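First up is the structure itself, then whatever we jot down about it.
What follows draws every value from the coordinates through simple rules; no lab data is involved. Treat the numbers as computed from the prediction; the structure is a model and nothing was measured. Cβ placement follows ideal geometry from the backbone for every residue including glycine, while neighbour counts extend to all protein chains displayed.
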Amino acid sequence: MDHDDVVVIIGAGLAGTKAAETLREENFAGRVVLIGAEPELPYDRPPLSKGYLLGNQDRGAVFLHDEQWYADNAVELVRGRRVVALDRAAHRVELEDGERIGYTKLLLATGSSPRRLRVPGHELDGVHYLRRLGHADDLRAALDGGGRVVVVGGGWIGLETAAAARTLGCDVTIVEPADTPLQAALGPELGAFFADVHRGQGVDLRLGTGVTEFRGTGRVSAVVTGDGTVIPADLVIVGVGARPDTELATAAGLPADDGVLVDASLRTADPDVFAAGDVARAHHPFYDSAIRVEHWAGALKGGPAAARAILGQDVSYGELPYFFSDQYDLGMEFAGWFPPGGYDRVITRGDVPGHAFQAYWLSGSHVVAGLHVNQWDEGIEPVKDLIRSRRPVDPERLAA
């Protein structure tokens, strides 16, 4: 590629911004156009449910760069304007105001959106979702008032926002259809651990039931569960998962199935279109399977990998899935991946009641995933090494 070429990046989140950074670091001399639908400067999302929501971080701390960085690096940042059409034949995108921008190569980094809970009363004021910085601003202001908070969903967003609300002095109830929180992500064994963590902080967990209705006049005042229980609520936080924003890709005829399908170089079926971050379902060389990862590290590492592939470098993106979470005084890191039913047992080592331990998910005699809780001296790298080695382990020695 040369100085006449244009790389357009749709999505100004972490994946898109890191791709723009990498293009310049790799001495790409052409135009780089980074298009974001939000009016904000590109920002990091993890603080939205952690430090920023708690008030421990200033607003400016979440931005990836200040405005001058984009000018200094000749990255044309388009803010607050949505791309409405992708014309692959003409190699151009169309924005909502009718402007058209041509491209040589295109990166889809459109991310994901919260799944909406369409039950009666879902439109009431006081029902919150958390994905964008503006959502965090609204929720932060609402939590400052204290009161009764009902969190719908026991996944990562649900538990982190529940921890923030409880830390800020709110009465918190979590409603989760599964038997434990995080059951889909970690299985019931570690799900039960996180349930105990929240119960120990005074959170009321209503497990094995969903939500059928939000009640209120203009503003939510109660949540009704599947067993008919009415839970009073001054505000509700819904965290029932996310869906990849594939609409542009599918409208342009690109294959998608729970994400835009890409190969190990993050290239779509169109050789001039790539995808990275939450929206991409990539063929993972380590697992020899197409997987989609919705976590921060996938955007952090996937954006640069896509940029290098765009420049014609030989890329095989094989980073192990990784995520982290902070809840109360608990910090944890997780690495690895397994499909539903993809492990036989979980081995723990350390002080589980004292919140200082490691856990390993085994399939046969092989470690497929692992985490640590508050074990920062070793961190997560030994877990990654064990997974990558594929070497058999002795469960008794692993637990010792």
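Observations on the structure shown:
- Rg over Rh for segment 60-189 works out to 1.08, using Cα positions for both radii and the Kirkwood form for Rh.
- Dipole of segment 236-334, positive end: most advanced residue of Ala297, Ser325, Val315 [Cβ charges, Cα centre]: Val315
- GNM flexibility winner over the chain from Val220, Val175, Val279 (Cα, springs under 10 Å): Val220
- Residues whose amide H comes within less than 5 Å of that of Asp344, counting only those at least five positions distant or on another chain, are Leu362, Ser363, Gly364 (H built at 1.01 Å from N in the peptide plane).
- C-alpha long axis of helix 156-167 to longest principal axis of the chain, angle in °: 60
- Amide hydrogen neighbours beyond the local backbone of Ser112, cut-off 5 Å, H modeled: Asp245
- Where both bridge residues fall in segment 22-122, DSSP classifies roughly 65% of the beta bridges as antiparallel.
- Net length available on complete extension from Asp2 to Thr229 is 75.3 nm, with 0.36 nm assigned per residue and the Cα-Cα distance removed.
- Pairwise FRET efficiency - Asp72 versus Arg92, Cβ, R0 = 30 Å, nearest 0.05: 0.65
- Backbone N within segment 153-174 under 15 Å of label point (7 Å from Val119 Cα along the Cβ vector): 153-155, 173-174
- Amide H within-cut-off set for His284, under 5 Å, with H built and near neighbours excluded: Ser289, Ala290, Ile291
- Of the beta bridges in the chain, as assigned by DSSP with both residues counted there, near 60 percent are antiparallel.
- Extension gain for Glu25 to Asp137 (0.36 nm times residue separation, less C-alpha to C-alpha distance): 37.0 nm.
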